[in-house]
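Okay, so here's the structure we're looking at.
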Amino acid sequence: MDWASIAGIILGVAGVLIGQGMEGGKLSSLLQPAAFAIVVVGTLGAVLLQTRPKTFSRGMQMLRWVIAPPADSRASLARDIAAWNNSAKRDGHLSLERYMLASKDKFNAKGLRLIVDGINPDKLRQLLDTEITAFETAERQAVRIWESAAGYSPTIGILGAVLGLIQVMENLADPSRLGPGIAIAFVSTIYGVGLANLFFYPIANKLKNIVTQQVHQQEIAAAVFYDIATGDHSRVIDERIATLLREH
């Protein structure tokens, strides 16, 4: 559980609500279903329009990482790397097959399989680099739906404000209907700007950091597979393990 994210969400919302109360405003005045529908549904529609369904679905699945990020696998990967290297040095490349079959990580299993199959080290590295690029591209495209939402929601909030003002202008003769129209106009803007800066942008940045960490670990693993395939000195692999464990 990422308690910093939970605290950030609570503080962000609380700051707005407390500020509203200190200004003498009613908290209930911020609850405008019409404004919420305009901003949220409109933003959702705009994001769906520009995104493939598979990418959108992946981006929504990644949302859980904000509260429950993937487990830190650096120590586990470091142990695996040491075991792969020792086994390859002691018993040859074919001994890595048992690690390949036991691995739950598709990327690591592929790297081990390429070594066991005797693929040329340069070709092995090329294949793994291509795999990393494809993974990074797909993950960053999924994260981009949150950046897009952050870009669209303020503008759609302004659209909601204009719709509210249109309602006001149409009902100038009926003062009882002016209040709801004005509320929708201003609250739509608050929703649009607030969602963008308190939720969508922070979510996108957090997910980008997680993807960056995952890609970097894959890059280290790919370098290790190349080192094992070429029979490089164990000291080189030890240095890669040290680099992996220094990541934050």
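The values are calculated or read from the model by the stated rules, or taken from the named source; none is laboratory data. Please read these numbers as outputs of a predicted model, since none were measured by experiment. Cβ coordinates were reconstructed from backbone atoms using ideal geometry, including for glycine residues, and neighbour counts include every protein chain displayed. Side chains are part of the model used for accessible areas, which takes the heavy atoms of the whole protein and leaves out ligands, DNA and RNA. Shrake-Rupley method; radii C 1.70, N 1.55, O 1.52, S 1.80 Å.
Tabulated data for the structure shown
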| quantity | calculated |
| --- | --- |
| Residue match in the range 89-107 (condition: within 25 Å of Gly59 (Cβ to Cβ), touching a Leu at 6+ places or on another chain (Cβ under 9 Å) and in a helix (DSSP H, G or I)) | yes |
| Top-ranked residue of the range 145-180 - restricted to ones that are surrounded by 19 or more Cβ atoms within 10 Å (Cβ to Cβ) and modelled with pLDDT under 90, ranked as farthest from Gly59 (Cα to Cα) | Gly164 |
| Long-range neighbours under 7 Å by Cβ, at least six apart or interchain, first residue outside the structural domain of His216 (by the TED database) and among the aromatic types (Phe, Trp, Tyr) within the range 73-95, second surrounded by 12 or more Cβ atoms within 10 Å (Cβ to Cβ) and modelled with pLDDT of 95 or more | none |
| Matching option when the condition is closer than 30 Å to Leu101 by Cα and either among the basic types (Lys, Arg) or not in a helix (DSSP H, G or I) (or both), among Arg144, Arg125 | Arg125 |
| Members of the range 64-86 found to be of a type outside the set (Val, Ile, Thr), surrounded by 13 or more Cβ atoms within 10 Å (Cβ to Cβ) and under 17 Å from Arg144 (Cα atoms), listed by number | Trp65 |
| Residue check for Gln218: open to solvent by 50 Å² or more (accessible area, probe 1.4 Å) and either in contact with a strand residue (DSSP E or B) (Cβ under 9 Å, 6 or more places away or on another chain) or more than 30 Å from Gly157 (Cα to Cα) (or both) | no |
| Members of the range 29-63 that are open to solvent by 70 Å² or more (accessible area, probe 1.4 Å), farther than 27 Å from Met1 by Cα and not aliphatic (A, V, I, L, M) | Pro33, Phe36, Gln50, Arg52, Pro53 |
